[in-house]
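Below is one structure; the comments refer to it alone.
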Amino acid sequence: MILYNVTTNIHESVHDQWMIWMQHKHIPEVLATGKFSSARMVRVLVEEEMGGVTYSVQYTTDSKETLEKYYQEDAPALREEGTKLFGDRMLTFITELELISEH
């Protein structure tokens, strides 16, 4: 199992708008690609020197190959909307994780 982890720091001035967009539009659209079985959103409990609020969204997929298909087929258009809406008030980075075990 692969976790596609998207960590985002969002500026306070657009926080509420971003949160609504994420929960009601973006995350459902990513799941609608059919390439992920679930998603969870968590707040990162750290105070950033640059300000803002940091969140992590972890999408679960079956394989690295499925994730690569997402990158090729879906990610560019889905990322573009966030950039248009929030621009430099949103800083995002991606981490790919492989689940080793659950206890």
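Read-outs throughout are calculated quantities, based only on the coordinates presented, and are distinct from any laboratory measurement. All figures in this text were calculated on a predicted structure; none of them were measured in a lab. Cβ coordinates were reconstructed from backbone atoms using ideal geometry, including for glycine residues, and neighbour counts include every protein chain displayed.
Rounding to the nearest 10 and keeping the result within 0 to 90°, find how far the Cα-based axis of helix 75-86 lies from the longest principal axis of the chain.
Tilt relative to the chain: about 10 degrees.
Quickly work out the R79-to-E102 label distance, labels modelled 7 Å from Cα along the C-beta direction, and quote it in nm with one decimal.
Output for this residue pair reads 2.8 nm.
Please give the helix 64-73 orientation as an angle from the longest Cα principal axis of the chain, in degrees from 0 to 90, rounded to the nearest 10.
The answer is roughly 60 degrees.
For Q23 paired with V46, estimate the spin-label separation in nm (one decimal), with each label point 7 Å from Cα along the Cα-to-Cβ line.
Calculated label separation equals 2.4 nm.
Taking neighbour counts of Cβ atoms within 10 Å as a proxy for exposure, in what order, fewest first, do D88, D16 appear?
Ascending number of Cβ neighbours within 10 Å: D88, D16.
Testing the spin-label approximation: label points 7 Å from Cα along Cα→Cβ at R89 and T33. State their distance in nm.
2.5
Going by C-beta contacts inside 10 Å, put S37, S101, S56 in order with the fewest on the left.
S101, S37, S56
With +1 on the Cβ of every Lys and Arg and -1 on the Cβ of every Asp and Glu, and nothing else charged, how large is the dipole of the chain about its Cα centre, in debye rounded to the nearest 20?
Rounded to the nearest 20 debye, it is 220 debye.
I'm spelling it out carefully: the read-out is volume of the Cα convex hull per residue in Å³, the candidates are (i) 96; (ii) 160; (iii) 105, and one was derived from this structure. Which label?
(iii)
What does the C-alpha gyration tensor say about the overall shape of segment 53-103? Classify as rounded when a/c is under 1.5, otherwise prolate if a/b is larger than b/c, or oblate.
oblate
Run the helix sum for the chain: -39,500 (n - 2.57) per DSSP H stretch of 4+ residues, divided by residue count, reported at 222 nm to the nearest 500 deg cm²/dmol.
One gets -9500 deg cm²/dmol as the mean residue ellipticity at 222 nm.
If Lys and Arg each add +1 and Asp and Glu each add -1, what is the summed charge of the other residues whose beta carbon sits under 14 Å from the beta carbon of Q17?
So the environment of Q17 carries a net charge of 0.
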